[in-house]
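A quick write-up on the structure given underneath.
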Amino acid sequence: MPDISLTTVVLLCLAALAAGWIDAVVGGGGLLLLPALLLGLPAGTPAAHALGTNKAVAIVGTTGAAVTYARKAPVDVRTAVRIGLAALAGSSAGAFFAAGMSTEVLKPVIMVVLLAVAAFVILRPAFGAAPATGPATRRQILAAIGLAGLGIGFYDGLIGPGTGTFLVLALTALLHLDLVTASATAKIVNCCTNAGALATFAWQGAVLWQLAALMAVFNLAGGTLGAHTALKKGSGFVRVVLLTVVFALVANLAYEQWLA
């Protein structure tokens, strides 16, 4: 356990609880959890340790949410696992490059993409509102494996925050799922991206296991509660949370890029 105060530990645990809820509903829990770790860990702690600890915490809450969704939502587990295996490979590669690659140039691009996504969701009220009309085609699944699996998986290992949100949007668009089913599917995929990145960070010795174990208990509670909330409230509620998280992510990236 790093040398941090009890107050900071409590605040980190509360951040893990809130992040678990947000991540289970629509993704983007890392938007809260990773900055909390960066602020709470002692000065001089390598950024890789915050990234690795973030993955160790997040995988627990994501797994809890995935199990809750799989029991009650109409998830195609076979397709989700196939996408997830590609995501595991992508996130492992992203985590490998994370230590030596500057992400500053990517932030403006990500902001533009997020703003375009937000405009699309606002202008298309029916997006993610209707359930899938039938099973996904082979072409749709291959596109999801390539984009949501390899592509977003690589981003998750390289940077992280917003991965769940990107997965929900990609799966909704590519597989024509409603937002609740897309969130459920994204949790299974996100378990794989977290596992791939965590394995790499653990191999590099960049995980603070004692702190991660404590925070993971709260993240699990938040993730399970968030999944129940999304299942109960439906796609309309998920849509509102989605837009809130997208704009918060844009604001966070803009602050880091130009004001921090």
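The values are calculated or read from the model by the stated rules, or taken from the named source; none is laboratory data. Keep in mind that what you see is a predicted model, and the values were worked out from it rather than measured. Quick reminder, even Gly has a Cβ in these numbers, built from the backbone with ideal geometry, and neighbours come from all protein chains shown. Ligands, DNA and RNA are stripped out before the accessible areas are found, and what is left, the full protein with its side chains, is counted by its heavy atoms. Shrake-Rupley method; radii C 1.70, N 1.55, O 1.52, S 1.80 Å.
Of 193, 224, 200, all but one fail to be in contact with a Phe, Trp or Tyr (Cβ under 8 Å, 6 or more places away or on another chain), assigned to a helix (DSSP H, G or I) and either open to solvent by 20 Å² or more (accessible area, probe 1.4 Å) or of a type in the set (Ser, Thr, Tyr) (or both); the exception is 200. Say whether the condition of being part of a helix (DSSP H, G or I), touching a residue at least 24 places away in the same chain (Cβ under 8 Å) and touching a Pro at 6+ places or on another chain (Cβ under 7 Å) is met by at least one residue in the range 65-83. For the range 65-83, residues part of a helix (DSSP H, G or I), touching a residue at least 24 places away in the same chain (Cβ under 8 Å) and touching a Pro at 6+ places or on another chain (Cβ under 7 Å): absent.
Checked against (1) among the hydroxyl-bearing types (Ser, Thr, Tyr); (2) more than 13 Å from the chain's Cα centre (by Cα); (3) closer than 19 Å to residue 221 by Cα, residue 62 meets all criteria but (2). Condition first: aliphatic (A, V, I, L, M) and without any contact (Cβ under 8 Å) to a residue 24 or more places away in the chain. Can you find one or more residues in the range 22-38 that meet it? Yes; the residues of the range 22-38 include at least one that is aliphatic (A, V, I, L, M) and without any contact (Cβ under 8 Å) to a residue 24 or more places away in the chain. Within the range 233-249, the presence of a residue that is outside any helix (DSSP H, G or I), among the small types (Gly, Ala, Ser) and open to solvent by 40 Å² or more (accessible area, probe 1.4 Å) is excluded. When 18, 48, 58 are checked against the criterion of being open to solvent by 10 Å² or more (accessible area, probe 1.4 Å), of a type in the set (Gly, Ala, Ser), in a helix (DSSP H, G or I) and more than 28 Å from residue 232 (Cβ to Cβ), 48 stands alone in meeting it.
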